[in-house]
Amino acid sequence: MHENTKAITDLILKVREKSRQETGNEPAPEMPKPIQWPIQCLVGPGLEGAIACESKVGYVNGAKGWLVYRGYDVFDLCAYSTFEEVSYLLLYGQLPGNSQLKAFKEKMVKYRSIPSTIRLLANFPVATMNTMSALSFGASLMKQELFSQKQDNYRFENGRTISADEDSIPMETRPRGEEHAIYEFNRLDKTKESAEGLYPGADYESSLRLIAGVASVAGAVARLKQGNLPIDSDPNLSHAANLIYMITGKYPTAVQERIMDIALILHADHGINASTFATLVVASTLSDIYFAVGSGIAALNGPLHGGANEQVLHMLKNIGGSDRVDSWYENARAKKEKIMGFGHRVYKAYDPRARILGPLAEYLIKENDDPEVKQLFDVALALEKKVIATLGVEKKIFPNVDFYSGIVYSSLGIPVELFTPIFAVSRVSGWVSRVMEYLEHNRIFRPRAMYSGSFNAEYLPIEKRT
Ligand code: SDX
């Protein structure tokens, strides 16, 4: 293990001990037992408190500040595991053995390279699109590409030769038009409708394609937003290293790769949060897992949810200096504004993810002393202190996962508009894992509303209406 990456493991274990000391006297959670449906629960607006399903994928204890994936404490997974192992764990329910991890990684290499899908995406005005809408669109194009490949096979069945080795062209040297293309293929015979319909529902292979491919779509969106050509994934790099490489065009250091890998582990799953719920709702209609993930991406975009990480950076820049935190804070509170990166529906303790991301941000800043990021971090520390001393006491409001993640990503050279897409790149593992689990005992989501409107209204023609 690289000397510095060992220092990161030690940092995580130290933070774990601090967390356990600080929350040790919080009430121990009642141990889960099999649910006998139907059950009673106290439900507030926004389904607050509602139990939507039973799950073994992950558990969040808001009082203790615990985050557990398939029984494993997230602190241990960050200290010792990788995003590939954790994605396998979430999806299949246990950590992989050597041969299983090797096969999983081979699938990731294969499904991360989607140049023809990226070419389709590059034909759209991604540079002027919201990054999350481009990401959601790219996820749907992955499905379309698969579908058209089915038609490709249809072409093969017709004995038509396709000498296309377009997929071997590095994305930087896109063919300059048909006459220069080193491939040629016969036009699809449009007169024959393919017998295939859209794939129904969800399956593990689609889940693997999405875990691998959403990272490549995020990389392509980043490059196209910067006015560059997308870069195909490098088969020799890990998922975390490929994500940095496909976004920035640079190979990360061992420390940068390790910290991105930990950030991906931390964001992978988090109970039935809004984007996971959106994904499950769409999947429960037996729609399509690519569309379901697209819905999760759309929900994650909101500033109350995954979009907060980008808003935090704008907020810290807007504050401008740690000496301005107090006046800024008083002003924000006077206007009853929500402080981005703080508060949580479940955590009434310090979010364990923020406990790790804060020190990682500090570690990275020491490594690459970028004055601008250093200043943002100083503002963040001052704001954290201020909020904990006020809202933390009054309302148990503490930093959440989004408060420090943006500083970590900035230190890794990631542009701010890619922060929320990176959240989705990680969370797609939790989304597809919960979809596959839920579909085992599927029941379409259909909650109710309390109707408080009127009855027996008399219909009046328009000329008689006031
Ligand atoms: C994520 O659910 C998940 O697990 C989400 C997530 C995941 O991994 O999937 O953890 C990721 O979305 C993290 C949250 C990122 N969002 C933000 O940082 C945006 C700022 N946070 C808030 O909008 C808010 O805290 C929420 C949306 C996160 C939670 O909101 P709740 O549970 O609906 O809480 P609430 O709005 O009912 O607030 C309760 C009280 C209110 O005061 P009163 O009206 O009772 O006087 O706390 C106050 C709120 O005004 N409050 C805040 C605050 N968050 C809550 N006050 C100031 N700043 C805040 N950030």
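The values are calculated or read from the model by the stated rules, or taken from the named source; none is laboratory data. In this text, all values refer to a predicted model and were calculated from it rather than measured experimentally. As a convention, Cβ positions derive from the backbone with ideal geometry for all residues, glycine included, and neighbour counts pool all protein chains shown. Ligands, DNA and RNA are stripped out before the accessible areas are found, and what is left, the full protein with its side chains, is counted by its heavy atoms. Shrake-Rupley method; radii C 1.70, N 1.55, O 1.52, S 1.80 Å.
Some notes on this structure:
- The residues of the range 297-324 that are open to solvent by 20 Å² or more (accessible area, probe 1.4 Å), within 13 Å of the ligand (Cβ to nearest atom) and in a helix (DSSP H, G or I), listed by number, are 299, 310, 311, 314.
- Among residues of the range 371-400 being open to solvent by 60 Å² or more (accessible area, probe 1.4 Å) and touching a Ser or Thr at 6+ places or on another chain (Cβ under 9 Å), the one that is nearest to residue 7 (Cα to Cα) is 381.
- The range 396-440, subset touching a residue at least 24 places away in the same chain (Cβ under 8 Å) and out of contact with any helix residue (DSSP H, G or I) (no Cβ under 7 Å at 6 or more places or on another chain), residue farthest from the ligand (Cβ to nearest atom): 437
- Residue selected from the range 275-293 under the condition open to solvent by less than 20 Å² (accessible area, probe 1.4 Å) and in contact with a strand residue (DSSP E or B) (Cβ under 9 Å, 6 or more places away or on another chain), by the criterion farthest from the ligand (Cβ to nearest atom): 288
- Single match in 448, 353, 434 (criterion: loosely packed, with under 10 Cβ neighbours inside 10 Å and either assigned by TED's automatic domain parsing to the domain that holds residue 66 or basic (Lys, Arg) (or both)): 448
- Residue selection: residue 361 fails the criterion of being at pLDDT below 95, within 26 Å of residue 20 (Cβ to Cβ) and crowded, with 21+ Cβ neighbours inside 10 Å.
- One residue stands out among those in the range 338-356 that are of a type outside the set (A, V, I, L, M, F, W, C) and assigned to a helix (DSSP H, G or I): the one that is nearest to the ligand (Cβ to nearest atom), which is 353.
- The selection criterion, being within 14 Å of the ligand (Cβ to nearest atom), touching a strand residue (DSSP E or B) at 6+ places or on another chain (Cβ under 8 Å), touching a residue at least 24 places away in the same chain (Cβ under 8 Å) and outside the structural domain of residue 213 (by TED's automatic domain parsing), holds for residue 387.
Conditions (1) within 13 Å of residue 75 (Cβ to Cβ); (2) surrounded by 10 or more Cβ atoms within 10 Å (Cβ to Cβ), marked per residue:
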position: 18; (1), (2): yes, yes
position: 26; (1), (2): no, yes
position: 31; (1), (2): no, no
position: 45; (1), (2): no, no
position: 50; (1), (2): no, yes
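- In the range 34-43 there is at least one residue that is touching a Gly at 6+ places or on another chain (Cβ under 7 Å), open to solvent by 70 Å² or more (accessible area, probe 1.4 Å) and at pLDDT below 95.
- If you go through the range 51-95 and keep only what is in a strand (DSSP E or B) and more than 23 Å from residue 35 (Cβ to Cβ), you end up with just 73.
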